[in-house]
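In what follows, a structure is listed as structure tokens, so that the remarks can point back to it.
The values are calculated or read from the model by the stated rules, or taken from the named source; none is laboratory data. It should be emphasised that the depicted structure is a prediction, and the values quoted were computed from it without experimental measurement. Here the Cβ positions follow ideal geometry from the backbone for every residue, glycine too, while neighbour counts run over all protein chains shown. Surface accessibility is based on the protein's heavy atoms, side chains included, excluding ligands, DNA and RNA. Shrake-Rupley method; radii C 1.70, N 1.55, O 1.52, S 1.80 Å.
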Amino acid sequence: MWSYFARRVVIGIPTLWAVITVCFFLMRLTPGGPFDAEAPVPPEVLANLRARYHLDDPLWRQYVDYIINLLQGDFGPSFKYHDFSITTLIAQGLPVSMQNGAAALLLAILIGVPLGIFAALAQNTRRDYIISAGAMTGIVIPNFIMGQVLILVFGVWLKDSVLHLPAGGWNDGALPNRILPVFCLAVPYIAYLVRITRGSMIEVLRANYVRTARAKGLPFRLVVLRHALKSALMPVVTFLGPATAFLLTGSMVVETIFQIPGIGRYFVQGALNRDYTLVMAVTILSAGLVIVMNLIVDLIYSFLDPRVRYDERAP
Amino acid sequence: MSVLDIKNLTVRFATADGEVAAVSDVSLSVGKGECLGIVGESGSGKSQTFLAVLGLLAPNGRATGEVMFGNTNLLAADEKTLNGLRGDKLTMVFQDPMTSLTPHMRVGRQLTEVLIRHRNVNAAAARDQAIAMLRRVQIPEAERRFDMYPFELSGGLRQRVMIAMAMLCGPKLIIADEPTTALDVTVQAQILDLIRRAKDELNTAVILITHDLGVVAGLADRVGVMYAGRLVELGDVRQIFNAPRHPYTKGLLACTPRLDDTTVGTMPTIPGQPPNLQRLPTGCAYHPRCPAVMELCRVERPPLLATPTGSLNACFLENAS
């Protein structure tokens, strides 16, 4: 099995390279450049700037240089934040994004999965309809609306009550500043998890082996936990792999709304500023995380279902 | 005294198109060490009758009537009482061994959990008893199989595991729902032999649900024939096979190929289709397909009455003669 995963890691390298290459050239195809947004500068200054960042080199030269630097762990200088290297920016922003993402993920799993099971066990009753309707609502409300509403309610209307929460800002990660953004991040994921868990649990509860387990005289709770849950979690895990990658790399929308110094916000700013290296770095990070998470998902599959095996030997 | 006594069992399902009676007014009983065969086409209600007995109907199903198992009316019993009986005194072997075992659990644990639940034994004792039972149902290398997952076993072995599971606690009644349908013929014979031994050695009552008349002839003491949710004939297996009274039973037997039959040509079949339970014909449900149909059969439903030989039969032809 471990040789399989070693192989998967090796296969991940060309995947990552393809992502880097496509992204590199797409960025350069986009009209405009890193210095267009600034106040108009004399052509000589612009030429100097371009020379300093090697933008006057042929494109293939820039590409080769970028890859070589990358292999040495250097994401290059930021085109916008002149005194920072991208590595520094990421070292500042990534932990913030990851903490929020991990908290949101945990919240989503802890609320979404049990609620989905709860709804499935009461299929087509009022309890189920209320939960399902709530989940649908959570999915259809975009997070830029959700964020504004949360700010309005907890930051403005409840300003003089104990429930008051800061409308934005980071304040070095003080707990009250984290609550709204984490909740806002988590809501759509809670909603998706409820729907996926509910659907898959309903299906598994119809399985013949669940009937067998009930015919053994096991209490229903035990039938669900011991015989149904593992199979029902397969689609949940499938969803959680890429979802984790997206959550950990920060949400540009939520971080922008709540003024959080994570890398999601850098991504937006970077794209607007044509800060090539910054956008590249965030993309590479996201892609790398997606690859890693898919690998972890495959590992969890083999734990949930013994039929899933990754060695060459046929069982 | 009978082990199981079903009186006027009716099973209804609430569907989008209204209520459907899958089982209507079925009464039967099975005694200690006796094997009762239940035959009928798909959709005749034979499986639903006994799923209702175990309280395992789909959520939209409702059973009415009375099902006495010992001193307990299973239809009125709460979930806790039912769980105390199911898997212990009252067990079931299901039709499809490929999907009836939990795929992510080792076979051994699926067996021992029954003992731990009902016999309150520790894990080591449960393991010993489970392995002994696997040997008893003739699973080779029982110790090794104990630690295997269901997907590592063949269909025949899985059905043996199902039977072992049903026999673990020494049940009073085993309900076997088409236990051999999904298996090939040589394995079928072995599985039936196991059921016969369970019946003889443990003096267990067995209800054998099948559409295979050969299986019933080989194993059952009595047989009940179901059509469109009702019992149409019930009695001693030899009597019914040698001298069927109900035209449907006659039809079924005529459709069974015989080794000693030398006639050449097409196999006989019963013309027509089993009726749609939502639009049952008036009178006798079998009348549109019955070769001996009379005017009365179209209007009135024949009651299930005792015949001179002691069997029960629901046909006006019989009752008139």
**Message:** With every atom except the alpha carbons ignored, what do you get for Rg and Dmax of the protein assembly as shown, in angstroms?
**Reply:** 34.5, 119
**Fill in**
Sorted by chain and number, the residues with a modelled amide H under 5 Å from that of B:Y227, at a separation of 5 or more or across chains, are B:V232
**Item:** Distant alpha-carbon pairs in segment B:1-111 (separation over 18 angstrom), percent
**Value:** 56
**Request:** May I have the extent of the alpha carbons of segment B:134-243 along their three principal axes, as whole Å values ordered from largest to smallest?
**Result:** 49, 27, 24
**GNM flexibility winner over chain A from A:A120, A:A47, A:A103 (Cα, springs under 10 Å)** = A:A47
**DSSP bridge pairs, the protein assembly as shown: antiparallel proportion in percent, nearest 5** = 60
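Based solely on its DSSP helices, what 222 nm [θ] is calculated for the protein assembly as shown when runs of n ≥ 4 H residues each add -39,500 (n - 2.57) and the sum is averaged over all residues, nearest 500 deg cm²/dmol?
Numbers: 24 runs with 325 residues, N = 636.
Roughly -16500 deg cm²/dmol at 222 nm, from the helical runs in the protein assembly as shown.
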**In Å², nearest 10: area of A:W17 left accessible to a 1.4 Å probe** = 140
**Prompt:** Taking only the alpha-carbon positions of chain B and ignoring solvent, what does the Debye formula give for the base-10 log of I(q)/I(0) at q = 0.11 Å⁻¹?
**Reply:** -0.73
**Asked** How much accessible surface does A:F144 have with a 1.4 Å probe, in Å² rounded to 10?
**Response** 110
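Rank these by accessible area, largest first, 1.4 Å probe: B:E141, B:E318, B:E113. Before the final figure, lay out each step's value.
Values: B:E141 100, B:E318 35, B:E113 10 Å².
Order by accessible area, largest first: B:E141, B:E318, B:E113.
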**Fill in**
Accessible-area order for B:F241, A:F25, A:F5, largest to smallest, probe 1.4 angstrom, reads A:F25, B:F241, A:F5
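Give a quick list of trypsin sites (Lys or Arg not before Pro) in segment A:266-315 that DSSP marks as loop, anything other than H, G, I, E or B, with at most 11 other Cβ atoms within 10 Å. Numbers along the way, then the final one.
Working: sites: A:R274, A:R307, A:R309, A:R313; in loops: A:R274, A:R307, A:R309, A:R313.
Of the trypsin sites (Lys or Arg not before Pro), the ones in loops of segment A:266-315 whose Cβ has at most 11 other Cβ atoms within 10 Å are A:R313.
Suppose we keep just the DSSP beta bridges with both residues in chain B; what percent of those would be antiparallel, to 5? Could you put the intermediate results ahead of the total?
Values: 30 of 49 bridges.
The antiparallel fraction comes to roughly 60 percent.
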**Prompt:** What trypsin sites (Lys or Arg not before Pro) in segment B:17-71 are in a loop by DSSP, with at most 14 other Cβ atoms within 10 Å of the Cβ?
**Reply:** B:K32
**Request:** Calculate one ³J(HN,Hα) per residue across segment A:250-265 by plugging θ = phi - 60° into the Karplus curve 6.51 cos²θ - 1.76 cosθ + 1.60, and present them in order as whole Hz with x for glycine and proline.
**Result:** x, 9, 5, 5, 5, 5, 6, 4, 9, 6, 9, x, x, 7, x, 5
**Prompt:** Ignoring ligands, DNA and RNA, what percent of the accessible area of chain B is carbon or sulfur (1.4 Å)?
**Reply:** 52
**Complete:** Spelling it out for B:V93: with amide H atoms placed in the peptide plane at 1.01 Å from N, the residues 5 or more places away or on another chain with amide H under 5 Å from its amide H are B:I175, B:A176, B:D177
**Asked** Given springs between every Cα pair under 10 Å in a Gaussian network model of chain A, which of A:L218, A:L121, A:L106 has the largest fluctuation?
**Response** A:L218
**Fill in**
Rounded to the nearest 10 Å², the 1.4 Å probe accessible area of B:T10 is 20
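What FRET efficiency comes out for B:S27 versus A:W2 if R0 is 60 angstrom and r is the Cβ-Cβ distance? Round to the nearest 0.05.
Result of the calculation: an efficiency of 0.45.
For a quick protection proxy, order the peptides A:252-260, B:248-256 by their average other-Cβ count within 10 Å, most packed first.
Working: A:252-260: 21.4, B:248-256: 17.7.
Highest-to-lowest ranking by the protection proxy: A:252-260, B:248-256.
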**Item:** Volume per residue of the C-alpha convex hull in segment A:152-297, rounded to whole Å³
**Value:** 153
**Prompt:** Rg (Å, one decimal) plus Dmax (Å, integer) for the alpha carbons of segment A:89-242?
**Reply:** 18.8, 60
**Average other protein chain Cβ within 10 Å of Cβ, residues B:96-103** = 5
**Fill in**
Filtering trypsin sites (Lys or Arg not before Pro) in segment A:158-207 by DSSP loop and by at most 13 other Cβ atoms within 10 Å leaves A:K159, A:R206
**Fill in**
If one compares the long axis through the Cα atoms of helix A:229-248 with the longest principal axis of the Cα atoms of chain A, the angle in degrees, nearest 10, works out at 20
**Asked** Under the Kirkwood approximation applied to all pairs of distinct alpha-carbon atoms, what is the hydrodynamic radius of segment A:1-104 in Å?
**Response** 16.6
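Kindly sort A:H227, A:H82 by accessible area of their heavy atoms, largest first, with the probe set to 1.4 Å.
Per-residue accessible area, sorted high to low, gives A:H82, A:H227.
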**Complete:** Here the whole-number average of other chain Cβ atoms within 10 Å per Cβ of A:201-212 is 4
**Along each principal axis, Cα extent of chain A, largest first, Å** = 84, 65, 30
**Message:** Among A:A186, A:A174, A:A243, which one shows the highest mean-square fluctuation when chain A is modelled as a Gaussian network with alpha-carbon springs under 10 Å?
**Reply:** A:A174
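Could you grab the relative contact order for chain B? Cα pairs under 8 Å, six or more apart, rounded to a whole percent.
Working: 594 pairs, mean separation 65.5, N = 321.
Relative contact order of chain B: 20 percent.
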